[in-house]
Amino acid sequence: MALDKPYLDVPGTTIFDAEQSRKGYALNQFCMSLMKAENRARFKANERACLDEWPMTEEQKQAVLARDLNRCIALGGNIYFLAKIGATDGKSFQQMAGSMTGMSEQEYRDMMIKGGRSIEGNRYIGEDGDAQAHRQPQGAAGRKKGA
């Protein structure tokens, strides 16, 4: 039985807790294996065959193949481990974070330099009705024209 988790009320956030850690153990171990050059080379040569050596779920493998980092996190991945996939692909952490928010690298950098996202409407789900995930536009694609 899962513990009561009041922190699940943070919009757009997956908390990496013990349950997530257990769920993503094999995924995160795979990511850590990418610290070795020979493992990165094997992965780049045949990604699917390399992933099949790990006891990940098919959904986790598909998320890695698609480089869907948000899905990887939902499936137990930890961003600091997942960063090894980005590094293997030659991407910076900033590029990865931008892709996860629907922003370009430049948009993400600019937002962070300006202090990050506003906390207004991002504290907890239901805060003034603004914190629902579908009301959290990310990047230029999510903003209304003229806003």
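Readers should treat all values here as calculations from the given coordinates under stated rules, not as data from a laboratory. Given the structure is predicted, the values throughout are model-derived calculations rather than measurements. Note that we place each Cβ from the backbone using ideal geometry, even for glycine, and neighbour counts take in every protein chain shown.
Just want the answer: with Cβ charges of +1 for Lys and Arg and -1 for Asp and Glu, which residue in Q94, Q29, A63 is farthest toward the dipole's positive end in the range 1-94?
Sorting the options by dipole projection puts first Q94.
Obtain the nm distance between the two label points defined at E59 and Y80 by a simple spin-label model: each point lies 7 Å from its Cα along the Cα-to-C-beta direction.
That separation, rounded to one decimal, is 2.6 nm.
Normalise the Cα radius of gyration of the range 1-91 by 2.2 N^0.38 Å (N = residues in it) and let me know the number.
Cα Rg divided by the expected 2.2 N^0.38 Å: 1.12.
R0 = 22 Å: FRET efficiency of E107 with A87, Cβ-based, nearest 0.05?
About 0.55, to the nearest 0.05.
Using the basic label-point model (7 angstrom from Cα toward the beta carbon), what is the M32 to I15 distance in nanometres?
For the pair M32/I15, the computed spacing is 2.3 nm.
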